[in-house]
1. In the stretch 46-62, what residues are in contact with a helix residue (DSSP H, G or I) (Cβ under 9 Å, 6 or more places away or on another chain) and not basic (K, R)?
2. Test of understanding: among S94, S46, which residue is in contact (Cβ under 8 Å) with a residue 60 or more places away in the chain and not in a helix (DSSP H, G or I)?
3. I'd like to check which helices (runs of 4 or more DSSP H) are fully inside the stretch 157-269 and have at least 2 residues that are farther than 30 Å from W88 by Cβ and among the hydrophobic types (A, V, I, L, M, F, W, C).
4. Kindly indicate whether any position in the stretch 188-211 is crowded, with 16+ Cβ neighbours inside 10 Å and more than 24 Å from P122 (Cβ to Cβ).
5. Could you please let me know if L160 is under 14 Å from the mean Cα position of the chain (by Cα), open to solvent by less than 10 Å² (accessible area, probe 1.4 Å) and free of Cβ contacts under 8 Å to residues at least 60 places away in the same chain?
6. Condition test on G111, is it in a helix (DSSP H, G or I), among the small types (G, A, S) and open to solvent by 10 Å² or more (accessible area, probe 1.4 Å)?
7. Please go through the stretch 49-91 and pick out each residue that is hydroxyl-bearing (S, T, Y) and touching a residue at least 40 places away in the same chain (Cβ under 8 Å).
8. Any idea which residue in the stretch 12-39 is nearest to G72 (Cα to Cα), counting only those that are touching a helix residue (DSSP H, G or I) at 6+ places or on another chain (Cβ under 7 Å) and part of a loop (DSSP other than H, G, I, E, B)?
Amino acid sequence: MKEISVVIPTYNRELQIGAAIRSVLEQKGRGESFVLKEVLIIDDGSTDDTEKRITEFEDPCIRFHKLERNGGAGHARNAGVKMASTEWIAFQDSDDIWEADKLKKQTEYLGIHPETDMVTHPIRATFSDGREIITEAPVNADPIEVLAKRNFVDTPTMLLRRDAFLELNGFDENLKALEDWEFALRFAAVYKIGIVREALLWADMTIEGVSSNMANYYDARCRMIIKNRPLLEERGCFQAAMENLFLHARENGVLEQVGKMMELYLSGR
């Protein structure tokens with residue numbers, strides 16, 4: 001039976017984090033299909049009552065750690081993984097809700113496919129305009145080719161081997177967005193990703209999104225393409241990644257700005 005540590009970074013989410021934690025603690029199959037050894041809540045310098053909300057939980061597996069400074073979600077997740085004591089790591093976001101059988105289905109997948117180093121799944125997302133979508137998981141496709149153009153491995157969907165995460169130095173803390181996408185690209189180049197084809201997480205996208213932080217989004221996309229250019233060129237995906245970036249920028253009316261941004265990164269400045 002696999003022992004799992006769940007890492008939850010949080011920053012000023014006192015109103016949302018309780019539901020996120022409960023969705024982890026109330027997982028079906030706990031103690032039968034897997035062992036939930038610890039829930040590591042990494043407070044990234046909150047100034048609200050987040051810590052008070054967490055102390056209301058009496059489950060002995062909860063571990064709370066407050067960082068001295070706000071370093072971003074990638075930094076908090078990296079810190080949590082280093083503190084973890086198990087072979088397998090799962091991530092949860094402090095404003096997302098896991099389906100009750102998420103970890104059960106992911107560990108069952110690992111039982112059938114023991115060669116897998118990470119198991120992910122689609123998510124169900126609700127947007128401010130009322131739309132609800134289920135993200136699309138690739139079928140029989142080279143994950144690098146897919147990840148060159150879009151992400152299908154959101155952080156709270158990951159269940160992965162701790163040693164593989166550490167071997168790749170975790171999330172890139174220099175990115176202000178898309179750390180999961182960039183990490184998934186590097187991960188897929190070395191390790192095997194498996195997919196449970198059910199949406200096992202609900203994400204509220206009514207507050208955050210590309211439009212709310214467009215500069216960070218496009219800066220991160222440019223940076224990740226340049227950083228991983230050798231891999232993308234080796235797999236014949238660099239041009240596709242660039243074309244998809246500019247198509248996305250054109251659709252959002254920022255093609256000229258993103259073109260100049262990428263020009264700077266290509267020149268090494």
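The values are calculated or read from the model by the stated rules, or taken from the named source; none is laboratory data. Note that this is a predicted model, so its numbers are computed, not measured. As a convention, Cβ positions derive from the backbone with ideal geometry for all residues, glycine included, and neighbour counts pool all protein chains shown. Side chains included, ligands, DNA and RNA excluded: accessible areas come from the protein's heavy atoms. Shrake-Rupley method; radii C 1.70, N 1.55, O 1.52, S 1.80 Å.
1. So the first thing to find is which residues in the stretch 46-62 are in contact with a helix residue (DSSP H, G or I) (Cβ under 9 Å, 6 or more places away or on another chain), and the list is 50, 53-54, 56-57, 59, 61-62.
Hits for the stretch 46-62 are T50, I54, E56, F57, D59, C61, I62.
2. Numbers: S46 fails: in contact (Cβ under 8 Å) with a residue 60 or more places away in the chain.
S94 is the lone residue from the list that is in contact (Cβ under 8 Å) with a residue 60 or more places away in the chain and not in a helix (DSSP H, G or I).
3. Values: elements: 162-167, 179-190, 214-227, 229-234, 238-251, 255-266.
By residue number, 214-227, 238-251, 255-266.
4. no
5. Working: under 14 Å from the mean Cα position of the chain (by Cα): yes; open to solvent by less than 10 Å² (accessible area, probe 1.4 Å): yes; free of Cβ contacts under 8 Å to residues at least 60 places away in the same chain: no.
No, not satisfied.
6. Numbers: in a helix (DSSP H, G or I): yes; among the small types (G, A, S): yes; open to solvent by 10 Å² or more (accessible area, probe 1.4 Å): yes.
Considered against the rule, which asks whether it is in a helix (DSSP H, G or I), among the small types (G, A, S) and open to solvent by 10 Å² or more (accessible area, probe 1.4 Å), G111 comes out as yes.
7. Going through the stretch 49-91, the residues hydroxyl-bearing (S, T, Y) turn out to be 50, 55, 85-86.
Scanning the stretch 49-91 gives T50, S85, T86.
8. Of everything passing the filter in the stretch 12-39, N12 is nearest to G72 (Cα to Cα).
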